[in-house]
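The values are calculated or read from the model by the stated rules, or taken from the named source; none is laboratory data. Computed from a predicted model, the values in this text were never measured in an experiment. Quick reminder, even Gly has a Cβ in these numbers, built from the backbone with ideal geometry, and neighbours come from all protein chains shown.
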2 protein chains.
Amino acid sequence: MDTRKGFHQSLQELQHDLLKMGTLVEEAIHLAVKSLAQMDQELAEKVVAQDDQIDEMMLQIENGCLRLLALQQPMAGDLRVIGTALKIVTDLERIADHATDIAKTTLRLSGESLIKPLIDIPRMADLAKAMVREALTAYVERNIDRALALAEKDDEVDALYTKMFSEIVTMMGSSRAMNRQLTHLLMVARYLERVGDHATNLGEWVIYMVTGKRQDLNK
Amino acid sequence: MDTRKGFHQSLQELQHDLLKMGTLVEEAIHLAVKSLAQMDQELAEKVVAQDDQIDEMMLQIENGCLRLLALQQPMAGDLRVIGTALKIVTDLERIADHATDIAKTTLRLSGESLIKPLIDIPRMADLAKAMVREALTAYVERNIDRALALAEKDDEVDALYTKMFSEIVTMMGSSRAMNRQLTHLLMVARYLERVGDHATNLGEWVIYMVTGKRQDLNK
């Protein structure tokens, strides 16, 4: 760790750990939405339990970053790379929290059947997962164009949320049980909309890492 | 900056900046909920506009932390203090984002009257603001007991949210306009519930800073 080569090796390992965490987070969203679509309580419990593993990864990566910073006195560029990693893990962890929120919704709806098969929620989840993957690819490739493209995808996620909000409010009526389920499903849509926002944050950190400048991808 | 004394002075400044940011964030929640309770569109716009200032403070504090880490090679204890500051600003910024979410709800309900005066939402906001203040006091005093006490207060916030969820779902009925407003108000309750979670995060970072150990305050 005390040579320049050691430092760059540590940065490589850091990048590797971030990607591994990203893969776990994507999987968490996927499985959480699957648990909801199939009303699979066992799967939902698994997603909730696995969140601890993701939190643990976050702590490890953060500690690694702080140690790198303190031991290596990195210069401006490397300082930004490590600072970026610290921000990325926080956003990834929040995305995983939203996966947990979704899995908990499955648990809250335990014993109920869905009013109708889910269509827009899995679509939002696919878009949001793709955004997370794109953002991490942009990070690895230090690719600003990929990062910038996240803004448009986030607009799609936002549009789906707005559409769902309107539709769900229209479907509410005299049945309390139905209103309750609709409200829970709308919350899930909101969580996925937030996942999209976190993915644009990831893109913003990549742009900052490469250029040293901040850019708002979520206007 | 290159003497030990300079380092501790920098830590003092860092603490001062965090408290200043915390005050702005508390104010943002206060004004956002006030804008909603009074349907004050102008105030809501002000809250949204001021979020940029809070984001800017976050970036400044983060950059200061990274520079301190890189230039000063702090030892374990100070490393945790700076690492904690990095986490605290992120939670504070998310709390401010929720204040913005609430102010945007006021803007979305523009032209409407509230179905009934807000009671539980201001109560949740008061609890959540008090939690943020307690957490920052715990940080300044390095007071673990204060940090631990946040868990109970968060339970109160959670209980209010659960109560509101149930009541609001019961109030939904045949009027689409009313269902829409109720759904927006429930989202506001959810944002405040999240603010409570972020305040418990702040408490967790304080415990970590003082003891070097992680503790879950939000079970």
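Observations, loosely collected:
- Close pairs (6 angstrom Cβ cut-off, 6 or more residues apart or separate chains): under 19 Å from A:Met75 (Cβ atoms) and touching a residue at least 24 places away in the same chain (Cβ under 8 Å) in segment B:70-82, polar (S, T, N, Q) and surrounded by fewer than 19 Cβ atoms within 10 Å (Cβ to Cβ) anywhere: none
Results for (1) farther than 22 Å from B:Glu93 by Cβ; (2) not β-branched (Val, Ile, Thr), shown as yes or no for each residue.
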position	(1), (2)
A:Leu79	no, yes
A:Ile82	no, no
A:Leu92	no, yes
A:Asp101	no, yes
A:Arg108	yes, yes
A:Arg146	yes, yes
A:Lys153	yes, yes
A:Leu160	yes, yes
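- Taking the numbered list (1) surrounded by fewer than 17 Cβ atoms within 10 Å (Cβ to Cβ); (2) of a type in the set (A, V, I, L, M, F, W, C); (3) within 14 Å of chain A (Cβ to nearest Cβ) in turn, B:Val140 passes all entries but (3).
- One residue stands out in segment A:145-192 among those that are among the small types (Gly, Ala, Ser) and more than 8 Å from every other protein chain (Cβ to nearest Cβ): the one that is farthest from A:Asp120 (Cα to Cα), namely A:Ala147.
Residue-wise test of (1) out of contact with any Gly (no Cβ under 7 Å at 6 or more places or on another chain); (2) farther than 25 Å from A:Ala189 by Cα; (3) of a type outside the set (A, V, I, L, M, F, W, C); (4) modelled with pLDDT of 95 or more.
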position	(1), (2), (3), (4)
B:Ala125	yes, no, no, yes
B:Arg133	yes, yes, yes, yes
B:Asp145	yes, yes, yes, yes
B:Glu156	yes, yes, yes, yes
B:Ala177	yes, no, no, yes
B:Leu185	yes, no, no, yes
B:Gly196	yes, no, yes, yes
B:Gln215	yes, yes, yes, no
B:Lys219	yes, no, yes, no
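- Taken over segment B:78-131, the criterion of being within 12 Å of the chain's Cα centre (by Cα), among the polar types (S, T, N, Q) and within 17 Å of B:Asp40 (Cβ to Cβ) is satisfied by B:Thr100 alone.
- Verdict on B:Ala135 being in contact with a Pro (Cβ under 7 Å, 6 or more places away or on another chain) and either more than 13 Å from every other protein chain (Cβ to nearest Cβ) or in a helix (DSSP H, G or I) (or both): no
- A:Val48 of a type outside the set (S, T, N, Q), closer than 22 Å to A:Val188 by Cα and in contact (Cβ under 8 Å) with a residue 12 or more places away in the chain: yes
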